[in-house]
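Novice: Mind having a look at this structure? Questions to follow.
The values are calculated or read from the model by the stated rules, or taken from the named source; none is laboratory data. In this text the structure is predicted, and so the values were computed from the model without any measurement. Cβ placement follows ideal geometry from the backbone for every residue including glycine, while neighbour counts extend to all protein chains displayed. Ligands, DNA and RNA are excluded from the accessible area calculation, which covers all protein heavy atoms including side chains. Shrake-Rupley method; radii C 1.70, N 1.55, O 1.52, S 1.80 Å.
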Amino acid sequence: MTELTIRRPDDWHLHLRDGEMLKAVLPETARHFARAIIMPNLVPPVVTGKDAAEYRDRIMAAKPDGSKFQPLMTLYLTEETDVRDLRAAAEIGLIHAVKLYPAGATTNSASGVRDFTKVKRVLENMAQIGLPLCVHGEVTDDEIDIFDREAVFIERVLDPIRRDVPGLKVVMEHITTKDGADYAREGGDNLGATITTHHLVINRNHILVGGIKPHYYCLPVAKREEHRLALRRAATSGDPSYFLGTDSAPHTDANKLLPCGCAGCFTATNTMSILAEVFEQENALDKLEGFAALHGPAFYGLPVNQDTITLTKGDPVTYPEKIETGDGPVTVFDPQMPLHWSVSA
Ligand code: NCD
Ligand code: ZN
């Protein structure tokens, strides 16, 4: 196969940031993607319907001319989240999900949840109205090894929450382990999982062997090779439990290349080329449309996109090493393999 036309994809987990960064990174996503679930971890976070409406307006104002890109807004769950405000924002179609960050788990998560009993009423209301909870699935306890934090979260936090609030729709965001993939597959219609582009490509050796590579550091951190292979099997399986959430998370090089650098890989620019390469390697190009364009809308109860993109195989395509932003350069994820699929939108 040298040409593949699929419905225009959506990104079910995206960081667009704000201000100058937003202006620079939004066109990278809007070029190929119709919609994206927009992460609310700004500083300060997007916690109320008013915050979400204002952030959506800033995104719409930053869109390239003629772009039909649609941001799907989310609220950042805190122990103070107001149920009435949340329900009102969902009823008018402003928000499509609520994001749970365990406090301290990742970039800008200090306002996240410490005591899960405090958010139970919010979660019950979300279950009633069918509003999905997007979960950053890592425990933050000091004594738990960073490579085990996802598996421990499933057992200690996620499974109890799902038992406690039956009917709650949950997306396990950016799963990085076989444990995560197995749990998502067995969880029924109310459970889904996003998988990033970069976790299909790198394992922990890419971060650490031959010198530390800050541009491969993200959270949840990439795990052993056996987990990467499990994620590739999941993404290319055709199982509707799994869908694309790039977690494209831009940080300036200045903020990545520090003694204590930021977590996040910026993949918006070359994601579809990389995914085509990965799915071809797995003999599963016929499963790419499901992963990138069909399973997500089905889970979120949204229509699939009517227009298409075409991927064409040829000589290797190159992408810029960095994109320039008003805040400084941002390095584009390097998949360390030639990419043969170009995308025309
Ligand atoms: C994200 C960010 O930079 O906002 N970083 C990351 O490594 N993925 C936060 C997140 O999704 O955990
Ligand atoms: Zn993220």
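Novice: Could you calculate the FRET efficiency of R224 with K50 from 1/(1 + (r/R0)^6), where r is the beta carbon distance between them and R0 is 35 Å, rounded to 0.05?
Specialist: 0.20
Novice: Can you list residues from other chains, or at least 5 along the same chain, whose modelled amide H is less than 5 Å from the amide H of I95?
Specialist: Sorted by chain and number, the residues that satisfy this are A90.
Novice: Computed FRET efficiency, Cβ-Cβ of R156 and Q128, R0 30 Å: what is it to the nearest 0.05?
Specialist: That gives a FRET efficiency of 0.70.
Novice: Oh, and also: Accessible area per residue, 1.4 Å probe, Å², for segment 3-344: what's the number?
Specialist: Computed with neighbouring chains in place, this is 40 Å² per residue.
Novice: Please give, to one decimal in nm, the separation of the simple spin-label points placed at E80 and T2, each 7 Å out from Cα toward the Cβ.
Specialist: Calculated label separation equals 6.1 nm.
Novice: In the calculated pair distance distribution of the chain, what percentage of Cα-Cα distances lie above 31 Å?
Specialist: 26
Novice: Under unit Cβ charges (Lys, Arg +1; Asp, Glu -1), what dipole magnitude, rounded to 20 debye, does the chain have relative to its Cα centre?
Specialist: 400
Novice: Would you kindly derive the ³J(HN,Hα) couplings of segment 302-311 from the backbone phi angles with the Karplus curve 6.51 cos²θ - 1.76 cosθ + 1.60 (θ = phi - 60°), listing them in order in whole Hz, with x for Gly and Pro?
Specialist: Whole-Hz 3J(HN,Hα) from phi for segment 302-311: 10, x, 6, 6, 8, 8, 10, 10, 10, 9.
Novice: Another question about this same structure. Taking the alpha-carbon set of segment 169-266, what are its Rg and Dmax in Å?
Specialist: 14.1, 43
Novice: Which of K120/K287; K50/K213; K99/K223; K63/K118; K68/K287 have a Cα-Cα distance over 30 Å?
Specialist: Pairs exceeding 30 Å: K120/K287; K50/K213; K63/K118.
Novice: Using a 7 Å offset from Cα along Cα-Cβ at A110, what residues in segment 117-156 end up with backbone N under 15 Å from the label point?
Specialist: none
Novice: Related question: In whole Hz, what ³J(HN,Hα) sequence does segment 78-93 give by Karplus (6.51, -1.76, 1.60; θ = phi - 60°), x for Gly and Pro?
Specialist: For segment 78-93, the Karplus-derived couplings read 10, 5, 9, 3, 8, 4, 5, 4, 5, 5, 5, 5, 6, 4, 7, x Hz, x marking Gly and Pro.
Novice: Leaving ligands, DNA and RNA out of it, report the carbon-plus-sulfur percent of the accessible area of the chain at a 1.4 Å probe.
Specialist: Within the chain, the accessible surface is 49 percent carbon and sulfur.
Novice: Using modelled backbone amide H atoms (1.01 Å from N, in-plane), which distant-in-sequence or interchain residues come within less than 5 Å of K322's amide H?
Specialist: Under 5 Å from the amide H of K322: V332.
Novice: Can you run phi through the Karplus equation (6.51, -1.76, 1.60; θ = phi - 60°) for segment 30-39 and list ³J(HN,Hα) in whole Hz, with x for Gly and Pro?
Specialist: Calculated HN-Hα couplings, in order: 5, 4, 10, 9, 7, 9, 8, 6, 9, 5 Hz.
Novice: Describe numerically, in nm with one decimal, the distance between label points set 7 Å from Cα along Cα→Cβ at D57 and at D253.
Specialist: Label at D57, label at D253, 3.6 nm between them.
Novice: Now for a separate question. Multiply the residue gap between S67 and D182 by 0.36 nm, knock off their C-alpha separation, and tell me the result in nm, one decimal place.
Specialist: Between S67 and D182, full extension yields an extra 37.7 nm.
Novice: Another question, then. Taking each pair of different alpha-carbon atoms in segment 102-159 once, compute 1/r for the pair, average those values, and report the inverse of that mean as the Kirkwood hydrodynamic radius in Å to one decimal.
Specialist: With all distinct Cα pairs of segment 102-159 included, I get 12.4 Å.
Novice: Let me ask you something else. Computed FRET efficiency, Cβ-Cβ of N283 and Q336, R0 22 Å: what is it to the nearest 0.05?
Specialist: So the FRET efficiency works out to roughly 0.55.
Novice: Taking 0.36 nm per residue of separation and subtracting the Cα-Cα distance, what length does fully extending L94 through D141 add?
Specialist: Using 0.36 nm per residue and subtracting the Cα-Cα distance, I get 13.5 nm.
Novice: Report relative contact order for the chain in percent, whole number only (criteria: Cα-Cα under 8 Å, sequence separation at least 6).
Specialist: 20
Novice: Over segment 1-102, what relative contact order in percent results from Cα pairs under 8 Å that are six or more residues apart?
Specialist: Over segment 1-102, the number comes to 28 percent.
Novice: Sequence-distant or interchain residues sharing an amide H contact under 5 Å with V317, placed H: which?
Specialist: HN-HN under 5 Å from V317: L339, H340, W341.
Novice: Additional query: Can you tell me which aspartates and glutamates have their Cα less than 19 Å from the Cα of K256? Leave out same-chain residues fewer than eight positions away.
Specialist: Straight-distance partners of K256: D18, E20, D247, E321, E324, D327, D334.
Novice: Could you check the simple spin-label distance between R163 and E324, using points 7 Å along Cα→Cβ, in nm with one decimal?
Specialist: 5.7
Novice: For the chain, what is the calculated [θ] at 222 nm in deg cm²/dmol (nearest 500), taking -39500 (n - 2.57) for each run of four or more DSSP H residues and dividing by its residue count?
Specialist: Result for the chain: -8000 deg cm²/dmol, rounded to the nearest 500.
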